[in-house]
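Trainee: One structure coming up, written as structure tokens, with questions to follow.
The values are calculated or read from the model by the stated rules, or taken from the named source; none is laboratory data. Quick caveat: nothing in here was measured; it's all calculated off a predicted structure. Cβ: placed from backbone, ideal geometry, glycine included. Neighbour counts: every protein chain shown. Surface accessibility is based on the protein's heavy atoms, side chains included, excluding ligands, DNA and RNA. Shrake-Rupley method; radii C 1.70, N 1.55, O 1.52, S 1.80 Å.
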Amino acid sequence: MSLMQEMNERALELGVPLGVHLDVTYRCNERCVHCYLDHDDHGEMTTGEIKDILQQLAEAGTFFLTLSGGEVLMRRDFFEILEYARRLAFNVRIKTNGVMIRKSEARRMRDLGVEQVQVSVYSRRPEIHDAITKLPGSLKRSIEAIRLLKSQGLKVAIANVLMTVNMGEHAGVQALAKELGVTYTLDPTITPKIDGDTSILNLRIPGSELKAVFHNKDLVGNVEEFCAPPPRPGEDVMEGYPCSAGHTAAYITPYGDVFPCVQFPLPSGNVRRQKFIDIWRNSPELNEVRSIRAKDLPVCSTCSHVGTCTRCPGLAYMEGSMRGPSTADCEKSFQRTGILSANMLRQAHAHTHGPLIQIQPLAV
Amino acid sequence: MSEKYIGRSSQIAARVLGGEMMVMSSVDSTFFTLNEVATAIWQAADGRTPLTEIVVRNVCDEFEVDLETARRDAEQFVSELSHHGILLVSDHPFDMSAGPVEAA
Ligand code: SF4
Ligand code: SF4
């Protein structure tokens with residue numbers, strides 16, 4: 001076990017929120033077609049409130065801090081927040097579209113000892129990237145930002161969300177990352193909007209494309225290993241918990257709401273009304289999340305994929321139940337291995353075993 | 001032997017977890033955990049206090065270790081951390097105000 005894994009295990013035992021994702025604003029200068037946020041400002045936390053939260057998080061033992069948004073640089077006080085966070089010795093990662101990063105911002109981030117800056121790129125062709133962000137010239141500026149950050153010696157990662165509108169573009173973005181000397185990550189996850197609107201889900205790539213991604217050695221490395229049928233789940237799997245959300249990780253919105261994870265919008269408290277540590281320790285919602293083991297999942301516990309599935313309890317929650325399957329992950333497990341999920345089998349069963357005759361009352 | 005002065009780099013992240021200090025360098029992402037003694041030295045590394053004084057005051061007195069052993073261990077620890085850019089070492093006292101990081 002690596003030292004880092006050991007620390008994670010210890011944080012889990014001690015109930016420490018080792019990693020926190022804080023969105024400092026939902027405002028943004030881009031209008032990405034797949035974005036799940038409402039970009040109006042509904043009363044963001046002030047500089048003072050955010051500093052207070054950071055102090056509380058340091059006291060609670062948080063080590064990894066992700067600062068994201070919206071676009072973080074839409075806040076004029078962003079560097080004040082960042083400086084404060086670094087003074088409190090957090091390991092800080094920043095997620096940004098890079099459009100507002102010039103040399104002085106890049107230098108400042110380096111001087112402040114930021115661990116990594118992640119920049120979103122959707123295509124290396126401006127006509128596709130800019131059509132997604134709806135900001136003309138955005139690709140050029142994002143790439144310029146990556147160069148500036150890199151030239152300061154910062155670690156940079158390109159995050160490439162894959163959807164119907166940029167499906168054939170990932171090889172180009174991956175090559176761009178290589179040319180720029182930065183890390184590349186591909187993510188085919190599209191989440192419903194924060195208000196529950198699911199219309200953007202039609203941007204999810206079709207199964208055939210997902211299958212091609214999972215069987216592409218340039219993206220997954222060893223395809224045989226990555227796409228291997230799942231091994232029989234042992235007892236340790238059934239006693240295991242789904243992910244770090246609520247166990248060693250938490251998410252805080254610009255309005256102070258606390259969720260188990262950025263992709264798990266279960267309202268668990270608000271730091272404007274309560275101390276973070278009280279929410280973390282005593283919120284019934286977080287305690288419920290923490291109580292769930294794989295064996296408690298009615299459908300997934302019967303699924304052959306349960307030990308290897310990327311099942312996101314947050315996506316499952318948005319589909320109706322945090323104990324339920326997440327259909328996006330069912331699709332991933334299926335396209336990866338060719339083996340149907342328990343949820344797929346259940347639905348096929350329901351369709352073939354419907355009532356033989358449907359009697360409808362006569363319209364009068 | 002000339003006196004050494006040590007200071008915490010501004011490029012590190014640090015937090016105490018279950019009594020141990022985790023330290024990570026943003027330069028090369030090396031990750032360390034420090035035991036109690038190393039943590040005490042780390043926290044006292046203000047760029048102004050001579051290393052010998054830190055060893056006497058924060059290690060020998062606190063942990064009841066003899067000076068020779070404590071000094072040898074501290075030298076080794078300082079050399080390892082400075083190698084990764086986590087501790088800054090100088091023959092003269094220096095100002096850490098440019099570095100943002102508190103002792104965590
Ligand atoms: S699986 Fe979902 S809820 Fe869990 S950490 Fe990942 S995104 Fe968050
Ligand atoms: S494939 Fe679907 S049913 Fe199976 S464990 Fe994953 S989310 Fe649950």
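Trainee: Name the residue, out of A:Thr62, A:Thr66, A:Thr96, that is touching a Lys or Arg at 6+ places or on another chain (Cβ under 7 Å) and crowded, with 20+ Cβ neighbours inside 10 Å.
Mentor: On the way: A:Thr62 fails: touching a Lys or Arg at 6+ places or on another chain (Cβ under 7 Å); A:Thr96 fails: touching a Lys or Arg at 6+ places or on another chain (Cβ under 7 Å).
Just a single option satisfies the conditions, and that option is A:Thr66.
Trainee: Out of (1) at pLDDT below 95; (2) closer than 25 Å to A:Pro229 by Cβ; (3) part of a loop (DSSP other than H, G, I, E, B), what's the single condition that is false for A:Gly324?
Mentor: (1)
Trainee: Restricting to segment A:71-128, what's the tally of residues that are within 13 Å of another protein chain (Cβ to nearest Cβ), outside any helix (DSSP H, G or I) and within 19 Å of A:Ala58 (Cβ to Cβ)?
Mentor: Within segment A:71-128, the first condition is being within 13 Å of another protein chain (Cβ to nearest Cβ), and the residues that meet it are A:79-94, A:108-117.
Cutting the leftovers down to outside any helix (DSSP H, G or I) gives us A:88-94, A:112-117.
Adding the requirement that they be within 19 Å of A:Ala58 (Cβ to Cβ) leaves A:88-94, A:112-115.
The total comes to 11.
Trainee: Identify all residues within segment A:316-327 that are surrounded by fewer than 22 Cβ atoms within 10 Å (Cβ to Cβ) and touching a residue at least 12 places away in the same chain (Cβ under 8 Å); write none if there are none.
Mentor: Narrowing segment A:316-327 to residues surrounded by fewer than 22 Cβ atoms within 10 Å (Cβ to Cβ): A:319-321, A:323-324, A:327.
Listed by number, the residues that qualify are A:Arg323, A:Gly324, A:Thr327.
Trainee: For A:Leu54, state whether it is free of Cβ contacts under 8 Å to residues at least 40 places away in the same chain and in a helix (DSSP H, G or I). Reasoning before the result, please.
Mentor: Values: free of Cβ contacts under 8 Å to residues at least 40 places away in the same chain: yes; in a helix (DSSP H, G or I): yes.
Yes.
Trainee: Looking only at segment A:229-259, which residues are part of a loop (DSSP other than H, G, I, E, B), in contact with a Cys (Cβ under 9 Å, 6 or more places away or on another chain) and away from ligand 2 (no atom under 16 Å from the Cβ)? Don't jump to the end; show me each part of the working.
Mentor: We begin by selecting, within segment A:229-259, every residue part of a loop (DSSP other than H, G, I, E, B); these are A:229-234, A:239-244, A:246-248, A:253-256.
After this cut, where a residue has to be in contact with a Cys (Cβ under 9 Å, 6 or more places away or on another chain) as well, the list is A:230, A:233, A:242-244, A:246.
Once the filter is applied, which keeps residues that are part of a loop (DSSP other than H, G, I, E, B), in contact with a Cys (Cβ under 9 Å, 6 or more places away or on another chain) and away from ligand 2 (no atom under 16 Å from the Cβ), segment A:229-259 yields A:Ser244, A:Gly246.
Trainee: Can you run down the residue pairs with Cβ atoms below 8 Å, 6 or more apart or on separate chains, where the first is in segment A:13-25 and in a strand (DSSP E or B) and the partner is among the aromatic types (Phe, Trp, Tyr) and at pLDDT 95 or above?
Mentor: Final answer for the pair search is A:Gly19/A:Phe63; A:Gly19/A:Phe64; A:Val20/A:Phe64; A:Val20/A:Tyr251; A:His21/A:Tyr251; A:Leu22/A:Tyr251; A:Asp23/A:Tyr251.
Trainee: Pull up segment A:294-321, narrow it to residues that are touching a Gly at 6+ places or on another chain (Cβ under 8 Å), of a type in the set (A, V, I, L, M) and part of a loop (DSSP other than H, G, I, E, B), then point me to the one that is nearest to ligand 1 (Cβ to nearest atom).
Mentor: That would be A:Leu297.
Trainee: Right, something else. Any chance segment A:156-164 includes a residue that's more than 21 Å from A:Met100 (Cβ to Cβ), open to solvent by 50 Å² or more (accessible area, probe 1.4 Å) and over 21 Å from the mean Cα position of the chain (by Cα)?
Mentor: Going through segment A:156-164, the residues more than 21 Å from A:Met100 (Cβ to Cβ) turn out to be A:162-164.
Going one step further and asking which of them are open to solvent by 50 Å² or more (accessible area, probe 1.4 Å), we end up with A:164.
Among the residues that remain, those that are also over 21 Å from the mean Cα position of the chain (by Cα) are: none.
No - not one qualifying residue is present in segment A:156-164.
Trainee: Related question: Could you check segment B:25-61 and list, in sequence order, the residues that are within 11 Å of chain A (Cβ to nearest Cβ), open to solvent by 10 Å² or more (accessible area, probe 1.4 Å) and in a strand (DSSP E or B)?
Mentor: The answer is B:Phe31, B:Phe32, B:Thr33.
Trainee: Any residue at all in segment B:91-98 that is at the interface with chain A (Cβ under 10 Å from one of its Cβ atoms) and surrounded by fewer than 18 Cβ atoms within 10 Å (Cβ to Cβ)?
Mentor: Going residue by residue through segment B:91-98, those that are at the interface with chain A (Cβ under 10 Å from one of its Cβ atoms) are B:98.
Okay, now just the ones that are also surrounded by fewer than 18 Cβ atoms within 10 Å (Cβ to Cβ), so B:98.
The answer is yes; a qualifying residue exists.
Trainee: For the subset of segment B:13-24 comprising residues that are more than 7 Å from chain A (Cβ to nearest Cβ) and touching a Phe, Trp or Tyr at 6+ places or on another chain (Cβ under 9 Å), which member is surrounded by the most Cβ atoms within 10 Å (Cβ to Cβ)?
Mentor: First, pick out the residues of segment B:13-24 that are more than 7 Å from chain A (Cβ to nearest Cβ): B:16, B:19-21, B:23.
Adding the requirement that they be touching a Phe, Trp or Tyr at 6+ places or on another chain (Cβ under 9 Å) leaves B:21, B:23.
Details: B:Met21: 21, B:Val23: 27.
Going through the qualifying residues, I end up with B:Val23.
Trainee: Next question. Which residue out of A:Arg273, A:Arg232 is open to solvent by 20 Å² or more (accessible area, probe 1.4 Å) and closer than 24 Å to A:Ala342 by Cβ? So that I can check it myself, show each step before the final result.
Mentor: Values: A:Arg273 fails: closer than 24 Å to A:Ala342 by Cβ.
Sole residue among the options that is open to solvent by 20 Å² or more (accessible area, probe 1.4 Å) and closer than 24 Å to A:Ala342 by Cβ: A:Arg232.
Trainee: Additional query: Could you tell me whether segment A:272-293 includes any residue that is within 16 Å of ligand 2 (Cβ to nearest atom) and part of a strand (DSSP E or B)?
Mentor: Within segment A:272-293, none of the residues are within 16 Å of ligand 2 (Cβ to nearest atom) and part of a strand (DSSP E or B).
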